[in-house]
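Since the structure comes first, as structure tokens, the remarks are kept for the end.
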Ligand code: DAH
């Protein structure tokens, strides 16, 4: 076969091979068999060295023309492939322009902190407690002084405080409600006071500058630690929906005497010890105690006649325990993907 015939044969082969393809990838690969760097046409041109000048001219021209023809064949095949693809899509895909769109979910949802707060309010009101509210901007007197934190009391340092320029402060705990309750209510009484509190904290996975507490206070005749334990165990069993074991350890808070840290037996391992309870079998949950006589007196009651108990519940911690959330910052992030999980 002469070189001219070979080139013509290559062209014929290209026409028959390329025109039956129906994918662009295949087309690109196959094209290279003919006109690519290692393609058949290029290989032939490499053997032209031994030809005369005249022969080279004719062959070169023919090779160029063939290359161009193959290129335009590829281009028109590409258009055919695309047309085929669109036609096929149009035939097979049905698009109903009149179909109503899916109902967007515009329902808001209560924040998990609010949900747990409502649950706690329901539990306590069923036990005869009423709900009290107090201001977030408080006086030093209500937040500290009346709660037996004297001016230079070192316990003030345990609550890093934001002060306002007019000599007030952002309440560091809901215990600030205690004196308001003592002053405004006639004993005996039982109250809880849920609310937002503030501390000048370095923010990390377990600390926020803003968090939520529920304060509880019961004042009456002969109120004892047994009353306190019973109330706390009822609350916790309701919240966790199972019988919860508790223990009391001594804890120091200026406004209660004696003061306690109430621990619950770890709900994850049942007390055997696991990473959640740091292998102790117990989780520190709830500080509490019997109301200090000085607090009763600051509220205008005679501490010989009246006794009481008080407790402080951290709502953020409860929500985190209930849902296994490891970083408190999620709670205040406003992140909708996080919040949607709590849609009821
Ligand atoms: N107010 C305390 C705090 O935020 C918690 C607390 C401790 C509240 C003991 C109480 C109590 O009512 O009796 O650290």
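The values are calculated or read from the model by the stated rules, or taken from the named source; none is laboratory data. Note that the coordinates shown come from a computational prediction; the quantities given were computed from them, not determined experimentally. Here Cβ is always computed from backbone atoms with ideal geometry, including for glycine, and neighbour counts include all displayed protein chains.
If I filter the stretch 278-297 down to residues being under 19 Å from residue 228 (Cβ atoms) and under 28 Å from the mean Cα position of the chain (by Cα), which single residue comes out as surrounded by the most Cβ atoms within 10 Å (Cβ to Cβ)?
286
Going residue by residue through the stretch 151-161, is there one that turns out to be on the phi > 0 side of the Ramachandran plot and loosely packed, with under 11 Cβ neighbours inside 10 Å?
From the stretch 151-161, those on the phi > 0 side of the Ramachandran plot are none; that's our starting set.
Scanning the stretch 151-161, I find no residue that is on the phi > 0 side of the Ramachandran plot and loosely packed, with under 11 Cβ neighbours inside 10 Å, so the answer is no.
Of the residues 177, 131, 123, 116, which is buried (at least 19 other Cβ atoms within 10 Å of the Cβ), touching a residue at least 24 places away in the same chain (Cβ under 8 Å) and away from the ligand (no atom under 15 Å from the Cβ)? Reasoning before the result, please.
Numbers: 177 fails: away from the ligand (no atom under 15 Å from the Cβ); 131 fails: buried (at least 19 other Cβ atoms within 10 Å of the Cβ); 123 fails: buried (at least 19 other Cβ atoms within 10 Å of the Cβ).
After ruling out the rest, the residue left standing is 116.
Confirm whether residue 287 is within 14 Å of the ligand (Cβ to nearest atom), touching a strand residue (DSSP E or B) at 6+ places or on another chain (Cβ under 7 Å), assigned by TED's automatic domain parsing to the domain that holds residue 118 and closer than 17 Å to residue 211 by Cβ.
yes
Just checking, does the stretch 143-150 include any residue being within 12 Å of the ligand (Cβ to nearest atom), assigned to a helix (DSSP H, G or I) and crowded, with 20+ Cβ neighbours inside 10 Å?
Step one: of the stretch 143-150, the residues within 12 Å of the ligand (Cβ to nearest atom) are 143-144, 147-149.
Keeping just the survivors that are assigned to a helix (DSSP H, G or I) gives 143, 147.
Now narrow it down to the ones that are crowded, with 20+ Cβ neighbours inside 10 Å: 143, 147.
Yes, there is a match, as at least one residue in the stretch 143-150 is within 12 Å of the ligand (Cβ to nearest atom), assigned to a helix (DSSP H, G or I) and crowded, with 20+ Cβ neighbours inside 10 Å.
Could you tell me whether the stretch 105-116 includes any residue that is part of a helix (DSSP H, G or I), over 30 Å from residue 237 (Cα atoms), under 38 Å from the mean Cα position of the chain (by Cα) and outside the structural domain of residue 18 (by TED's automatic domain parsing)? Walk me through it before giving the result.
To start, the set of residues in the stretch 105-116 that are part of a helix (DSSP H, G or I) comprises 112-116.
Of the ones still in play, those that are also over 30 Å from residue 237 (Cα atoms) are none.
No, that holds for no residue.
Show the residue pairs that are 6+ apart or on different chains and have beta-carbon atoms under 6 Å apart, the first residue being within the stretch 303-314 and assigned by TED's automatic domain parsing to the domain that holds residue 117, the second being away from the ligand (no atom under 16 Å from the Cβ) and at pLDDT 95 or above.
303/297; 306/187
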